[in-house]
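Report on the following structure.
The values are calculated or read from the model by the stated rules, or taken from the named source; none is laboratory data. This structure is a prediction, so every number in the text was calculated from the model and none was measured. Here the Cβ is made from the backbone with ideal geometry for all residues, glycine too, and neighbour counts use every protein chain on show.
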Amino acid sequence: MSTVTTVPSTDGTPIAFETLGAGDPVILVSAALCDRKTTAALAEQLARHFTVLNYDRRGRGDSGDTTPYAVEREVEDIAALIARAGGSASVYGHSSGAGLALHAAAHGLTIPKLVLHEPPFEPDDERVRRQSREDAEKIEGLLAEDRRCDALELILSGTGMPPEMVRQMSTDPQVQAIAHTMLYDFAAMDDAGRGGRSFARQAGEVRTPTLVLAGETSPEWMIEVGRQVADAMPNGRHEILKGQDHFVPADVLAPVLTDFLTG
C-alpha cells in the first residue's frame, strides 16, 4: 500500500509524493499536464523491485507552487525527494519530465541511473524553434487572461491528438487547474533554461549511466533527438521500443526499466 506525504523544497514549497514498494529508490518525473496519477500504474509495476517515489511536480495535484517559476526550483524539488529517499535515487522522466530529469543530473544530483523517455527537445531547426517561441508567448498571453481552455486547445492541437480528445482534455477541470504549468515545461525544454546551452551540450556533461527510450512509431524527429541525446552522453544508450509510440503501457515499460536499473 502506498503512503502520501510531502517534503519541503528549498523554497518551502510542499512537494507531495507517494512511496511504494521496497528496494533501491526510483523517482518518477511526469510529463506536461500530468500529475502522479499518470504514472501510478508504472509506479505499481516498479514497486515489485524498487522503492518508488511517485510525486506531483510543483503546481500540480497535491503539491504547492511558489512564484516566480524557475527550472532550478524543480531541480530542487527532485533534490528534496532524493534526500528523503536517503541521499541517492535513480530517476525516470517521461517527455518534458525527461528534460527536467536531465537538468537534475546535469546539476550534479546523486542519481545512480537515469532514464530519459522521449524528451521532446526541439530539433536544430530555426523554423521549429521560432514556432515554439511563438506558441509559448501565445499561451502565456491566454493564461494571463485566464483563458485556460483556449491555451490548452492551442498546445494540444499541435500534438496530433484527435480533435475530440483535444476538446475533452481542454474542458476537463482537473487539466485546466494545471494549465499554467505548461509554461514550466516550455522553460524546462528551452535552451534558455539550460543557460543557453544546447540539449546535446548539456547531455554531454552528464556521466550518469543513462538509457534514452523512444517508441518505434513515434515521430522520426523525436526518435532522432533521443539518439542525439544518447550519443552526446559519455554513458548513454539509445533503445527503440518496438511497436510503441509516445505513451507506453506500464506492463511494457516496467520490465525495460527494471532490466536497466538492476543491470
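Let's see how each residue does on (1) surrounded by fewer than 18 Cβ atoms within 10 Å (Cβ to Cβ); (2) in contact (Cβ under 8 Å) with a residue 40 or more places away in the chain; (3) over 20 Å from VAL115 (Cβ atoms); (4) touching a Gly at 6+ places or on another chain (Cβ under 9 Å):
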| position | (1), (2), (3), (4) |
| --- | --- |
| THR171 | yes, no, yes, no |
| LEU211 | no, yes, no, yes |
| GLU220 | yes, no, yes, no |
| GLU224 | yes, yes, no, no |
If you take the residues in segment 29-45 that are in contact (Cβ under 8 Å) with a residue 60 or more places away in the chain and more than 11 Å from the chain's Cα centre (by Cα), which one is surrounded by the fewest Cβ atoms within 10 Å (Cβ to Cβ)? ALA41
Which listed residue, of SER90, SER9, is among the polar types (S, T, N, Q) and within 26 Å of THR262 (Cβ to Cβ): SER90
Filtering segment 233-263 for residues that are farther than 15 Å from SER95 by Cβ, in contact with a helix residue (DSSP H, G or I) (Cβ under 7 Å, 6 or more places away or on another chain) and buried (at least 18 other Cβ atoms within 10 Å of the Cβ) leaves a count of 5
Restrict the check to segment 98-117 and report whether at least one residue is farther than 29 Å from LEU257 by Cβ and either of a type in the set (A, V, I, L, M, F, W, C) or surrounded by 14 or more Cβ atoms within 10 Å (Cβ to Cβ) (or both). no
Segments classed as helices (runs of 4 or more DSSP H), wholly inside segment 171-246, with at least 2 members that are among the charged types (D, E, K, R) and assigned by TED's automatic domain parsing to the domain that holds ALA70: 220-232
Could you list, in sequence order, the residues of segment 130-170 that are of a type outside the set (Gly, Ala, Ser) and outside any helix (DSSP H, G or I)? GLU145, ASP146, ARG147, THR159, MET161, PRO162
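Do any helices (runs of 4 or more DSSP H) entirely within segment 1-114 hold 3 or more residues that are modelled with pLDDT of 95 or more and in the same structural domain as MET169 (by TED's automatic domain parsing), and if so, which?
Values: elements: 40-46, 71-84, 96-106.
Those helices (runs of 4 or more DSSP H) do not exist here; none qualify.
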